[in-house]
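The values are calculated or read from the model by the stated rules, or taken from the named source; none is laboratory data. Please read all numbers here as calculations on a predicted model, not as lab measurements. Note that we place each Cβ from the backbone using ideal geometry, even for glycine, and neighbour counts take in every protein chain shown. Areas reflect the complete protein model, heavy atoms only, side chains present, ligands, DNA and RNA absent. Shrake-Rupley method; radii C 1.70, N 1.55, O 1.52, S 1.80 Å.
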Amino acid sequence: MLEKSLLVLIFVLSYYAVVCFNIKRRSDKYKKKNNMIVSTKDYSFNDFFQKINFLNSKDAFLSKQGYPLNLNVYSYYMLKTLLALLLLVGGTINYESTIFGIMLGAFGYFSIDIYILINKKTRDGEICVDLMNVVNSISLELSADVTLKETLRRQFENCKNKDFRRAMLEFSTQYELSELNMDKSLEALESKFDIQELDMFCNALREYSSVSNIVEILENLASMLKLKYIEKIKEGTRNKVIYITFGVIVALGNIIALTFYPIMISIGEGFNNIFS
């Protein structure tokens, strides 16, 4: 039992590390692709400042995730510490093993991060679907010679994710109230999320002031979002097939065990009677 529990814990932590590495790799790839060049001096200063003021950086991260479980930066660290202590003490007492208690404590400490990571993936997927609908709608309306101001005004109606719906409503409102200041409105929109596709959408809208027609840019973005949506559906289908297959294997294993266990017991008792 202990060995199985340790294997499950190691698997979960390994999965978490691989997913984090994949997200960082995709982010770096996107930044290089879009020539997002930042001054070395400014970057070093900001990076150093963020490392010192980690509470603000963590709060900014939680804010971009919509504050999952209604956790702010203080309740986030308090809950992580509480779970770690509870599992550490419980594992040490119940299993009489300090090593196993430490392993459980580590799992408790990082379990909130695992949940936030899973929630981020689900939430980002929902927002990307909403963004695909928004981009398609804007492309169609601009092709029909509707002004961008009128186009953006009702785009929040195409959004199902509550966070993105509210953000799009605030974005369009700020765009109108700021006398059509696109850059300022887009900066406010980008600061609320940490999604590469949304950054690409904002970069496309920034071209509106310098390019008379951004429909082609938006259509290319819509095509990319559609491909990602199809890939998401395929991934969901594969996962369901894996879950169903695993469930069938477990069910068959239980049936085989229930069927052959009495037989094996009878055979064992027969051998004991013969050789006793």
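State which residue is nearest to SER143 (Cα to Cα) when the search covers only the range 182-215 and only residues that are open to solvent by less than 60 Å² (accessible area, probe 1.4 Å) and assigned to a loop (DSSP other than H, G, I, E, B).
Selected residue: ILE214.
Does any residue of the range 261-272 turn out to be outside any helix (DSSP H, G or I), without any contact (Cβ under 8 Å) to a residue 12 or more places away in the chain and of a type in the set (S, T, N, Q)?
Within the range 261-272, none of the residues are outside any helix (DSSP H, G or I), without any contact (Cβ under 8 Å) to a residue 12 or more places away in the chain and of a type in the set (S, T, N, Q).
I need every pair where a residue in the range 90-115 that is surrounded by 15 or more Cβ atoms within 10 Å (Cβ to Cβ) has its Cβ under 6 Å from the Cβ of a residue that is charged (D, E, K, R), sequence separation at least 6 or different chains.
TYR109/LYS80; ILE112/LYS80
State all residues of the range 168-181 that are in a helix (DSSP H, G or I), open to solvent by 70 Å² or more (accessible area, probe 1.4 Å) and at pLDDT below 90; if no residue qualifies, say none.
Correct list: LEU177 only.
Condition test on LEU218, is it of a type outside the set (Ser, Thr, Tyr), in a helix (DSSP H, G or I) and surrounded by 10 or more Cβ atoms within 10 Å (Cβ to Cβ)?
Yes: the conditions hold for LEU218.
Which of (1) out of contact with any Gly (no Cβ under 9 Å at 6 or more places or on another chain); (2) at pLDDT 90 or above is the odd one out, the single condition ALA144 does not satisfy?
(2)
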